[in-house]
Amino acid sequence: MSLQRVWAWWIAGVLAYIPANTYPMLITETLLSNDASTIVGGAVEIARHGDFVVAAIVLVASVVIPVGKFVAIAYLAVSIQRGWLHGSRQRHRLYEVTDFIGRWSMIDVFVVAILSSLVQLSVVASIRPGPAALTFALSVIFTMLSAQSFDPRLIWDSEDEDKDKNEGRPA
Amino acid sequence: MTDQPIPNDSEDYIACPTCDALYRARMPAEGGRAVCQRCHRVLIAPRSATSLRIVALTLSVTILVTAAAFFPFLEIHAAGLGNRASLLDVATSFRSGTLVFVSVATVATIVLVPLLRTLLLLYVLGPLTVGKAPLPQARRAFRLSQQMRPWAMTEIFALGCAVALVKVADLAQLDFGPAFWMFALLVVIVIINDAYMCTWSVWNALDEKDN
């Protein structure tokens, strides 16, 4: 039952993540140019200016963390549906990391919010949010809900049942 | 996970909230911690004068959030033109069409949820600090404040500011407004506040006052 909810939010999160990467996140208009950049495109641009640390933060927050989270939640849910017994401790660790780290993906949404409220200098420069800001925010929220629906106690349940069986007690 | 009935003695039991292992709760020494053997989650971590400290920190969070929301947060200058934005401007910057949802989410995660959480904690812990009985619905308020925890994103917004500063650096000149420093202080206080709170001790205090 609880896994159904995990999968539902997971699917919604993955679906929202696709347009989040194909549509522009940030639209920059200056006197000379009109430039729409996607999430990855924006990070590449920062790296081109030489700020590799900031580019890495953006890439980690908006690509590595979300994709890693999709994989981690799917792996945990499948491991419980198959009733795997081994590595409960490692799987629990994975759950904790996933649950803790997911919120940090919101960085890019906040960056877009700061830039588009601040950079409003009529014709000199102005920044507008693109449609990806919406789908990306939704994707982060959906995956957070997915991770929260996941009950980590299920990881230990199959181990407990197995122990009960071996000791000849009813599970 | 055994089918033996749990003996009904005066000792309190505590089940680990993440992995369900059952323990006999015994108060660790001041400053010590009781940790789940199986999944290493901290179960009990009492500290001296905790609730008084939390009430103090909570009050400062309330003041700082309110002030930081209205004072200028960042200022920008380029080619003789300038613009300033407060935290509320930032949060409501998505005005067109469906993007309004992003505005709502931003306001909620960086202003409303942190503020509401601290107000709920104040409601729950305030009476306990001065030794009075908890106010009605205190349990529900405390539970709600715990559920809100992952949705308060002040520290994430702080890192977002750093990234935004780098992005604008070659487009225009940036200045920090007073709200920026209040917000920086706020992030530190929120983190300390969360680190200090022992959930089990609060529930325990609520139970004791009830009986």
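FYI, it's all coordinate maths here, none of it is from the lab. Every value quoted in this text rests on a predicted model; they were computed, and no experiment measured them. Note that each Cβ is placed from the backbone with ideal geometry, even for glycine, and that neighbours are counted across all protein chains shown.
Structure notes:
- Potential extension, residue B:101-residue B:147 segment - 0.36 nm per residue separation minus Cα distance: 14.4 nm
- For the range B:188-197, Karplus couplings with θ = phi - 60° (6.51, -1.76, 1.60), whole Hz, Gly/Pro x: 4, 5, 4, 5, 4, 4, 5, 5, 7, 7
- Residue exposure proxy: B:157, A:100, A:70, ordered by other Cβ atoms within 10 angstrom of their Cβ from fewest to most, comes out as A:100, A:70, B:157.
- Screening chain A for DSSP H helices whose Cα atoms reach 18 Å or more along their own axis and whose mean Kyte hydropathy is at least 1.0 gives A:65-81, A:132-149.
- Listed by Cβ neighbour count within 10 Å, with the fewest neighbours leading, B:112, B:174, B:22, B:74 appear as B:22, B:174, B:112, B:74.
- Put a dot 7 Å past the Cα of residue B:130, heading toward its Cβ, do the same for residue A:48, and the two dots end up 6.2 nm apart.
- All other residues whose Cβ lies under 12 angstrom from that of residue A:29 are scored, Lys and Arg at +1 and Asp and Glu at -1, for a net of 0.
- Length-normalised contact order of chain B in % [C-alpha pairs under 8 Å, at least 6 apart]: 24
- Cα-projected label distance for residue B:62 with residue A:40, points at 7 Å along beta-carbon direction, nm: 4.8
- The angle between the Cα long axis of helix B:138-148 and the main principal axis of chain B comes to about 50°, on a 0 to 90 degree scale.
- Adding -39500 (n - 2.57) for every DSSP H run of four residues or longer, then dividing by how many residues chain B holds, sets the calculated 222 nm ellipticity at -16500 deg cm²/dmol.
- In units of the rule-of-thumb radius 2.2 N^0.38 Å, the protein assembly as shown shows an alpha carbon radius of gyration of 1.12.
- Formal net charge of residues neighbouring residue B:120 (Cβ-Cβ distance under 10 Å; K, R +1; D, E -1): +3
- Ranking of A:27, A:80 by count of other Cβ atoms within 10 Å, fewest first: A:27, A:80
- Chain A shape via C-alpha gyration tensor axes, a/c threshold 1.5: prolate
- Acute angle (nearest 10 degrees) that the helix B:113-129 long axis makes with the longest principal axis of chain B, alpha-carbon atoms: 40
- Amide hydrogen proximity for residue B:74: with H placed 1.01 Å from N in the peptide plane, the residues at 5 or more positions away or on another chain lying under 5 Å are B:85, B:177.
- Structure remark: mean-square fluctuation, Gaussian network model of chain A, C-alpha springs under 10 Å; the largest value among A:110, A:136, A:150 belongs to A:110.
- Less than 5 angstrom separates the built amide H of residue A:26 from those of A:37, A:130, all sequence-distant by 5 or more or on a different chain.
- Karplus-derived HN-Hα couplings along the range B:18-28 (A = 6.51, B = -1.76, C = 1.60, θ = phi - 60°), whole Hz, x at Gly and Pro: 9, 10, 6, 5, 9, 10, 7, 7, 10, 5, x
- For chain A, built as a Gaussian network whose Cα springs stay under 10 Å, the top-fluctuating residue of A:59, A:15, A:118: A:118
- Relative pair counts by distance (%), Cα atoms of chain B, 5 Å bins: 1, 6, 12, 15, 15, 13, 10, 8, 7, 5, 3, 2, 1, 0, 0, 0
- Placing dummy labels 7 Å off each Cα toward the beta-carbon, the span from residue B:191 to residue A:31 is 4.1 nm.
- Look at the stretch B:140-148: the mean tally of other chain Cβ atoms within 10 Å of its residues' Cβ atoms is 0.
- Estimated Rh, the range B:104-211: Kirkwood, alpha-carbon pairs, angstrom: 15.9
- Charge dipole (debye, nearest 20) of the protein assembly as shown; +1 at Cβ of Lys and Arg, -1 at Cβ of Asp and Glu: 260
- Counting Cβ atoms of other protein chains within 10 Å of each Cβ in A:90-100 and taking the mean gives 2.
- By the helix-only formula, in which each DSSP H run with n ≥ 4 contributes -39500 (n - 2.57) and the sum is divided by residues, chain A has a 222 nm mean residue ellipticity of -21500 deg cm²/dmol.
- If R0 is 25 Å, the Cβ-Cβ spacing of residue B:22 and residue B:42 corresponds to a FRET efficiency of close to 0.90.
- Acute angle (nearest 10 degrees) that the helix B:199-210 long axis makes with the longest principal axis of chain B, alpha-carbon atoms: 60
- Karplus-derived 3J(HN,Hα), 6.51/-1.76/1.60, for each residue of the range A:26-35, Hz, glycine and proline x: 9, 10, 9, 10, 10, 4, 9, 9, 10, 10
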